[in-house]
Structure formats: structure tokens, C-alpha cells
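The values are calculated or read from the model by the stated rules, or taken from the named source; none is laboratory data. Only a predicted model underlies this, so the values are computations on that prediction, with no experimental measurement involved. Quick note on the areas: whole protein, heavy atoms, side chains included, nothing else; ligands and nucleic acids left out. Shrake-Rupley method; radii C 1.70, N 1.55, O 1.52, S 1.80 Å.
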Amino acid sequence: MLNDDILDAVIKRAKGYEARETVEEYSVVDGALELVKKRVTVKDVPPDMTAAKILFDTGGVDELSDEQLEREKQRLLKQLTIGDS
């Protein structure tokens, strides 16, 4: 079970993901806490090549089909070319 959780985390990091951060501010109004401000920030975490290398080196991609591997390759290449611009 722990290995699956670790593998899932490495796959997520290798692919990149969006992280949501919520900040809430409260104030005491009439003796009770009341939400006065809420800010939600979405951060884009880019793919991590080190995590991708770990997957390939440890065989974490063995169960992917050739088509899935090709799609992932094209997606990563696209990410790299966007980052160079």
C-alpha cells in the first residue's frame, strides 16, 4: 500500500499538477467568528524531469502501453518547448 502511494506521488510530480491554496481571514463579529475574506490561489506545478527519470529507472512505467508512452512523451516534449519560450 505504501509503495502504491509513493508511486502515485512520483507519477503526479512527473506529470505536473495544479495546487490550490486557500487563505481565509476571520474576524470576531458580535462575539462570534465570521469569515470576512477568502482567497483561493491556483498554482501550476510543472512536470519534474527528475521524477520522470525515477519512474523510468525503477520500471514504474512498465504497465503503460506503447500508445500511452508515446502520448506521455509528446506531452513532456510540449512542456519542455513551452518552458523554453
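Based on the alpha-carbon gyration tensor of region 1-50 and its eigenvalue square roots a ≥ b ≥ c, which shape applies: rounded if a/c is under 1.5, prolate if not and a/b is larger than b/c, or oblate? Because a/c hits 1.5 or more and a/b fails to exceed b/c, region 1-50 counts as oblate.
Computed from backbone phi with θ = phi - 60° and the Karplus coefficients 6.51, -1.76 and 1.60, the 3J(HN,Hα) list for region 7-16 is 4, 4, 5, 5, 4, 4, 5, 5, 7, x Hz; x is used for glycine and proline.
Rolling a 1.4 Å probe over the protein chains gives Asp57 an accessible area of about 110 Å².
Near the amide H of Asp48, within less than 5 Å, lie the amide hydrogens of Ala14, Lys15, Gly16, all on another chain or at least 5 residues away, with H placed in the peptide plane.
Subtracting the Cα-Cα distance of Ile6 and Val36 from their residue separation scaled by 0.36 nm leaves 7.0 nm.
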